[in-house]
Amino acid sequence: MKLEGLTKRFPNGHGVFDLDLELADGEIVGYLGPNGAGKTTTIRLLMGFLRQDSGHASIDGRDCWLQSVHVQELVGYLPGEIGFPEDMTGHELLDLLASMRRPLDTRVRRLELLHRFDLDADEAIRKMSKGTKQKLALVAALMHRPRVLILDEPTAGLDPLMQERFLELMQEEKQAGTTALMSSHMFSEVERACDRVAMIRDGRVIAVEDMARLRSLRRQIFTVTVGAEADLRAIEAAGCTIVARRGRELDLEVHGDYNHFVRTLATCDVRMLDVRPLNLEQIFLHLYGTEEAHTL
Amino acid sequence: MSLGLFRSEFVKGLRTVASYGMGMVLYVWLFIWIYPAFARARALSALLRSLPPGLLKVLGYTIGPTHLSAFLGGEFYSLLYLVIFAVFAIFTATRLVAHLIDNGSMAYLLATPVSRRAVATTQALLLLTDVFIIGALTAGGALLGVHWLLGHSALNEHTFLEMNLVGTLLFAVVAGYSFLASCAAPDERAALGLSTALTLLFYGLRVVGDVSSQAAFLAHASVFSAFNSAKLIQGQGHFARDALGLALAAVALYAAGIAAFRRRQLSL
């Protein structure tokens, strides 16, 4: 998959501009960015739904707009917004899509995926919950064993068990040599599934990083609420980096010596203590400057 | 085209086609059933003859409602048939393309290795098939109704079928420009609005053109003028010219719709 100087400008000034990104065969890349950054526009250009103003997008050497039929033979696509025909059952939809991929036989893989996602496809789509529709969309995207996957927020609406099953599936796809571009907001998901991560903001790719480097930068943020001003000063003196302060509530990072931090806390009147990992956007923020971080 | 898509969409739309078809048949039966009482109502006939000739022309009473053919051609086929068929054509054309784009399900169809041209061609053929089914059901139902309710053939079947063919082709054209709107308009509401406005405009032009001799030229700008049911049913119209003209217009409109869909930017 190759994007070279890919540009699409909408009348409102939004769009994607001069995108360069290349995915090697068998590589899985996470595609991140805030809402409206251009992730979905990139994906629509790759799917041949939109025509670029300039530049070039290709998959397996085929132009995504001019040779979209050949491209779609290779691709499994999961749209960000699930919009199924409501007046069908899950099986009827899968039958329709399978018939449009003939002579490819999708039956065995379809059954396997339905079983894996514990999906009853006999149900009418209009009666399905958001999570069930997402599972159906995943089966539709994967049942023809595509060599390339384009997934827009694949785990949105899935419960933790199904998210886990999806990640297992992505591990298998990676081993099978599938190339994939997936947008996501969840570090754990991208960490397990992806080899690299590309960050897009205001229509431009601002960074592409290896997963290993991002993993090394993953840090914990502690949120502490204390009872007195003196406690705040004690914690500040314990060698932590204060990320944010809201009255007597602090967000802080601990560098190195956790024991010293815990001993300091033991002397304070701690009303609340919470810990959370930095999300991917925050890590990128940390890497690429605070100005961008605040707008993410 | 894609056979799988055609089959799926045909089955999905079958209930609607059957409902409209049965509606047409029941209405035409109603007209055939009330015709004997209507023909006997001389007082009413006299009253109608006292109306201005222009108005009678609009209503289709060019030769007076003394024959079943004049009654059906002037009554059922000049208003109710047009309304029911137009509603069906506009809504079906919108449902087959613009609705699928608006609700996002077109994404799944276009993510398969079936080209945009093939998807649009399939939807166009499906629309035409549905229009011809309704046309055939109406014609067949009317002929059956005449034999069943009147017990004899009070119609010239040949000219009656010619009229029905031209009527069906008229709605292939109405469905054709609705299909073009469905493929080219920015969203479903715009497509529906455009098709409806155009149909009302064409119908209005014909009515105004028929009522006023000074404005007769307006009727020529309306596609509805190609379907003069009152004359066609009597064998007095220009069957071959009208049928050919409508068929060519329909082919051009569907081709334009397919071309527009191929070039369209899709937010799916």
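Yes or no: the stretch B:57-76 includes at least one residue that is under 20 Å from the mean Cα position of the chain (by Cα), within 30 Å of A:GLY48 (Cβ to Cβ) and modelled with pLDDT of 90 or more.
No.
Identify the single condition in (1) within 17 Å of A:PRO85 (Cα to Cα); (2) free of Cβ contacts under 8 Å to residues at least 60 places away in the same chain that B:THR92 does not satisfy, given that it satisfies every other one.
(2)
May I ask you to say which residue of A:LEU50, A:LEU136, A:LEU158, A:LEU46 is out of contact with any Pro (no Cβ under 9 Å at 6 or more places or on another chain), farther than 20 Å from B:GLN265 by Cα and modelled with pLDDT of 95 or more?
From the options A:LEU50, A:LEU136, A:LEU158, A:LEU46, the qualifying one is A:LEU136.
Here is a list of conditions, (1) more than 12 Å from chain B (Cβ to nearest Cβ); (2) in contact with a strand residue (DSSP E or B) (Cβ under 9 Å, 6 or more places away or on another chain); (3) not in a loop (DSSP other than H, G, I, E, B), and A:GLY131 meets all of them except one; can you say which number that is?
It fails just one condition, (2).
Please work out which one of (1) at pLDDT below 95; (2) within 26 Å of B:ASP242 (Cβ to Cβ); (3) in a helix (DSSP H, G or I); (4) not hydroxyl-bearing (Ser, Thr, Tyr) is the condition B:LEU149 fails and give its number.
That leaves (2) as the condition not met.
Do you know which residues across the stretch B:108-126 are more than 14 Å from A:LEU66 (Cα to Cα) and either part of a loop (DSSP other than H, G, I, E, B) or in contact with a strand residue (DSSP E or B) (Cβ under 7 Å, 6 or more places away or on another chain) (or both)?
Within the stretch B:108-126, B:ALA111, B:THR112 meet the criteria.
Is one or more of the residues making up the stretch B:148-160 under 30 Å from B:ILE34 (Cβ atoms), of a type in the set (Gly, Ala, Ser) and without any contact (Cβ under 8 Å) to a residue 40 or more places away in the chain?
For the stretch B:148-160, residues under 30 Å from B:ILE34 (Cβ atoms), of a type in the set (Gly, Ala, Ser) and without any contact (Cβ under 8 Å) to a residue 40 or more places away in the chain: present.
Within the stretch A:173-187, which residues are under 10 Å from the mean Cα position of the chain (by Cα) and either modelled with pLDDT under 85 or part of a loop (DSSP other than H, G, I, E, B) (or both)?
Within the stretch A:173-187, A:SER184, A:HIS185, A:MET186, A:PHE187 qualify.
Could you list, in sequence order, all residues of the stretch A:213-235 that are hydroxyl-bearing (Ser, Thr, Tyr) and either closer than 24 Å to A:LEU19 by Cβ or buried (at least 16 other Cβ atoms within 10 Å of the Cβ) (or both)?
A:THR223, A:THR225
Give the residues of the stretch B:2-22 that are in contact with a helix residue (DSSP H, G or I) (Cβ under 6 Å, 6 or more places away or on another chain) and over 26 Å from B:ALA118 (Cα atoms), sorted by residue number.
Matches in the stretch B:2-22: B:TYR20, B:GLY21.
Do you know which residues across the stretch B:220-263 are surrounded by fewer than 18 Cβ atoms within 10 Å (Cβ to Cβ) and either more than 20 Å from the chain's Cα centre (by Cα) or on the phi > 0 side of the Ramachandran plot (or both)?
B:GLY235, B:GLN236, B:ALA259, B:ARG262, B:ARG263
In the stretch A:72-107, which residue that is touching a Phe, Trp or Tyr at 6+ places or on another chain (Cβ under 9 Å) and more than 7 Å from every other protein chain (Cβ to nearest Cβ) is surrounded by the most Cβ atoms within 10 Å (Cβ to Cβ)?
A:GLY90
Quick check on this structure: which one of A:ASP63, A:ASP53 is surrounded by fewer than 22 Cβ atoms within 10 Å (Cβ to Cβ), more than 10 Å from every other protein chain (Cβ to nearest Cβ) and within 22 Å of A:ARG204 (Cβ to Cβ)?
Matching residue, one of A:ASP63, A:ASP53: A:ASP53.
Please return the ranges of helices (runs of 4 or more DSSP H) entirely within the stretch B:197-266 where 2 or more residues are among the charged types (D, E, K, R).
B:239-263
For the stretch A:242-296, name all the residues that are at pLDDT 85 or above, surrounded by 15 or more Cβ atoms within 10 Å (Cβ to Cβ) and of a type in the set (Val, Ile, Thr).
Hit for the stretch A:242-296 is A:THR264, nothing else.
If you go through the stretch A:196-212 one residue at a time, do you hit one that is crowded, with 21+ Cβ neighbours inside 10 Å and in a helix (DSSP H, G or I)?
No, because not a single residue in the stretch A:196-212 is crowded, with 21+ Cβ neighbours inside 10 Å and in a helix (DSSP H, G or I).
The values are calculated or read from the model by the stated rules, or taken from the named source; none is laboratory data. Source: prediction; values computed, not measured. Glycine also receives a Cβ, built like all others from the backbone with ideal geometry; neighbour counts cover every protein chain displayed.
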